[in-house]
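The block underneath contains the structure these notes are about, expressed in structure tokens.
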Amino acid sequence: MPEAEEVFAYLRGLQGGICARLKEIDGGGAVFREDAWTRDDGAGGVSRVMEGGAAIEKAGVNLSRVSGGRLPPAASARRPELAGRAFEAMGVSVIVHPLNPYAPTSHLNVRFFVATDPAGVSDPAWWFGGGFDLTPFYGFEADARDWHGMARAACEPFGPALYPRFKKWCDEYFHLKHRGEARGIGGLFFDDFDEGGFDRAFAFMRSVGDHYMEAYGPILERRKDMPYGQRERDFQLYRRGRYVEFNLLYDRGTLFGLQSGGRVESILVSMPPKVRWRYDWRPEAGTPEARLYEEFLRPRDWAEGSLEA
């Protein structure tokens, strides 16, 4: 049986480390509000939320551990043979919405599942999933290269095939089908990962979790104090609408949380504090806003610097 307690101990430490680093970068007086919650079935978690910081408008860093008698559809869609099994799931989910429009939004999720056969005929199935992705409002090539360079570094100890594979998966996953548009510049996305056995798969998940703030921290620090005006703020709020659309329509974590009866406040903490939709809006040609669409919201091998076909 996989060492679930070992995984949960790592996740608890990851949550604490990320919160401490974000508070340090913010540099203001805002603190993380902590809500510990439990359900009658023994499931629970700890939600930590910062709002109104000097640099961070809203950040949520959630730890959860839930179980149930039947895997929700969002968890068994790719593995229909596991439908009907009992399950335990644990993970850390992070979303950071900076105040400055030049600072990108970022997201991390790392999770672990165990699905057991109620009849005891089959061995438990287990797997890891997660990844991290970046959603800029104004594109900077240095940020994109650094972000993907760190994503590649997280994968390198486990062989050269994982980064291109999980980078491509991320590009495909964080795509708004109804708009034919990427949510951001991607990063890593993986699921159903058990390759090489438990120790290796767990080590890979830890590497992804540990590299997140190494990737995001320097970007947030160098963008958080850039001067900006109402034009940039308006565009940031408009683009945040895409984030909301993706999370409510497609995000498997959101769907799993709602389908498994999770805590709604924790599930929807990923929503930005302010957002704006405009009817049939298009950026003016030649503007920095248009450049985001033309150069950044396209699949690109940022770690190597070349556009993908």
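The values are calculated or read from the model by the stated rules, or taken from the named source; none is laboratory data. Please read all numbers here as calculations on a predicted model, not as lab measurements. Note that we place each Cβ from the backbone using ideal geometry, even for glycine, and neighbour counts take in every protein chain shown. Just so you know, the surface numbers come from the protein's heavy atoms only, side chains and all, with ligands and any DNA or RNA stripped out. Shrake-Rupley method; radii C 1.70, N 1.55, O 1.52, S 1.80 Å.
What is the number of the single condition among (1) crowded, with 21+ Cβ neighbours inside 10 Å; (2) more than 17 Å from G253 (Cβ to Cβ); (3) of a type in the set (G, A, S) that G131 does not meet?
(2)
Checking T254 against (1) modelled with pLDDT of 95 or more; (2) assigned to a helix (DSSP H, G or I); (3) of a type in the set (V, I, T), which single condition isn't satisfied?
It is condition (1) that T254 fails.
Which of the residues belonging to region 253-268 are buried (at least 19 other Cβ atoms within 10 Å of the Cβ) and either without any contact (Cβ under 8 Å) to a residue 40 or more places away in the chain or within 17 Å of the chain's Cα centre (by Cα) (or both)?
Those that are buried (at least 19 other Cβ atoms within 10 Å of the Cβ) and either without any contact (Cβ under 8 Å) to a residue 40 or more places away in the chain or within 17 Å of the chain's Cα centre (by Cα) (or both): G253, T254, L255, F256, G257, S266, I267.
Residues being in contact (Cβ under 8 Å) with a residue 40 or more places away in the chain and either part of a loop (DSSP other than H, G, I, E, B) or out of contact with any strand residue (DSSP E or B) (no Cβ under 9 Å at 6 or more places or on another chain) (or both): count how many of those fall in region 44-53.
So the answer is 1.
If you scan region 177-212, which residues turn out to be open to solvent by less than 10 Å² (accessible area, probe 1.4 Å), over 26 Å from R300 (Cα atoms) and of a type outside the set (G, A, S)?
F202 - this is the single residue of region 177-212 that is open to solvent by less than 10 Å² (accessible area, probe 1.4 Å), over 26 Å from R300 (Cα atoms) and of a type outside the set (G, A, S).
Has region 234-247 got any residue that is open to solvent by less than 30 Å² (accessible area, probe 1.4 Å), small (G, A, S), at pLDDT 95 or above and part of a helix (DSSP H, G or I)?
yes
Name every residue in region 192-201 that is within 18 Å of the chain's Cα centre (by Cα) and at pLDDT 95 or above, in order of residue number.
Answer for region 192-201, where residues must be within 18 Å of the chain's Cα centre (by Cα) and at pLDDT 95 or above: just F193.
When region 92-125 is examined, which residues are found to be surrounded by fewer than 22 Cβ atoms within 10 Å (Cβ to Cβ) and at pLDDT below 95?
Residues satisfying the conditions are V114, T116, D117, P118, A119, G120, V121, S122, D123, P124, A125.
Residue by residue through region 269-294, note down the ones that are under 24 Å from the mean Cα position of the chain (by Cα), among the β-branched types (V, I, T) and either loosely packed, with under 13 Cβ neighbours inside 10 Å or not in a loop (DSSP other than H, G, I, E, B) (or both).
V269
Among the residues of region 1-36, which ones are part of a strand (DSSP E or B) and either open to solvent by 90 Å² or more (accessible area, probe 1.4 Å) or not small (G, A, S) (or both)?
Result: R33, E34, D35.
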